[in-house]
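All of the numbers you see were taken from the coordinates with simple rules; none came from a lab. All values derive from a computational prediction rather than experimental measurement. Here the Cβ is made from the backbone with ideal geometry for all residues, glycine too, and neighbour counts use every protein chain on show.
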Amino acid sequence: MKDQPIQSNDDDGRVIADMNVEGTPWHDRAASFIDRQASEAARKQTVQAYSERMTSSEARRYTFYALLAGLALVAVMASVWIVLILFMTQVWFR
């Protein structure tokens, strides 16, 4: 009974981290080329799916609302700063 090695169920065959890194002695160039081509094909399909571009009016509206959001944030921060200065000069330092 003691001569049998203990078997662990840790390895289920899944790949957690790909150890095929350039510069290591076991690096397989063919595997990385195949992976690169597969990822390139997937990227092209994704680009084709999302290749619709905004019209100029949509881009202007998007830019306008982004600027409006930034200006609103600046206005809130400036008003808090002004209220803080007024509080310090009128109440705290008297």
Inset, instruction - Check each of the GluC sites (Glu not before Pro) in the stretch 40-94 and keep only those in coil by DSSP with at most 13 other C-beta atoms within 10 angstrom; list them in order. - result: E52
Legend entry - Table column - 3J(HN,Hα) (Hz), the stretch 87-93, Karplus curve with 6.51, -1.76, 1.60, x for Gly and Pro: 4, 5, 7, 8, 10, 6, 8
Legend entry - Relative exposure of V15, V21, judged by other C-beta atoms within 10 Å (fewest first): V15, V21
